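Input: a single structure, listed below in C-alpha cells.
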Amino acid sequence: MQVRMQDKKIATWQKQLDEAKAAIHQLGPMRPGTLSQQFKRPGQKNGPYWQLSYTFRQRSYGRYIRPDETAELTEMIANFKRFKSLIDLCIELSIQIADRNLLLRRQALDNPA
C-alpha cells in the first residue's frame, strides 16, 4: 500500500485529475449542439436564419434561433465541448491510475519484502 502512495506516476495523474475536476466545476451554462446559419433559398443566400441542431438520448432536435441569441448559445456550446473533453480526460486518467495501482499491487504480491 505504501508503494502506491509514493508512486510518482500516480501522483502526477491524480494531480491532473484533480485539475480537470476543478475545471469542470468552473464551467458555466452549457448545451450540446451545433449552431449554423441556414438560408430559405440556399443558392441565392436569401432569407438567412440561425438553427441549433443537437442530439440528446439518441434523438435529434433542431431549433430556430434569433440572431441576438447566437452569442450566448455559442458560449454554451463551447462550454459543452470543453466539458466533454474534460470528462474524457478524467476517464483516461482514472483508467491509468487504476491500472497502475493494479500493477503495483501485483508487483508487491509477487515480490514481498
Checklist outcome for this item: With the dipole of the chain defined by +1 on each Lys or Arg Cβ and -1 on each Asp or Glu Cβ, the option from 67, 102, 90 whose Cα lies farthest towards the positive pole is 67
Checklist outcome for this item: Mean-square fluctuation maximum in Gaussian network of the chain, Cα pairs under 10 Å, restricted to 84, 40, 15, hits 40
Item to check | Sequence-separation-based contact order of segment 1-100, relative, with Cα cut under 8 Å and 6+ spacing, percent | outcome: 33
Item to check | Percentage, to the nearest whole number, of Cα pairs in segment 63-111 over 19 Å apart | outcome: 56
Checklist outcome for this item: Matching label for the computed Rg/Rh (Cα atoms, Kirkwood Rh), out of [x] 1.13; [y] 0.95; [z] 1.28, is [z]
Item to check | Listed residue (24, 76, 58) projecting farthest to the positive dipole end of the chain, Cβ model | outcome: 58
Checklist entry - If you stretched the chain out fully between residue 72 and residue 54, how much longer would it get, using 0.36 nm times the residue separation minus the C-alpha to C-alpha distance? => result 4.9 nm
Checklist entry - Tell me, what is the Rg over Rh of segment 23-82, with Rh the Kirkwood radius over Cα pairs? => result 1.06
Item to check | Size of charge dipole - segment 34-113 - debye, nearest 20, with Cβ of Lys, Arg +1 and Asp, Glu -1, no other charges | outcome: 420
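Taken together, the values in this text are just the output of simple stated rules run on the coordinates, not laboratory data. Note that the structure is a prediction, hence the values are computed from the model and not measured. Here Cβ is always computed from backbone atoms with ideal geometry, including for glycine, and neighbour counts include all displayed protein chains.
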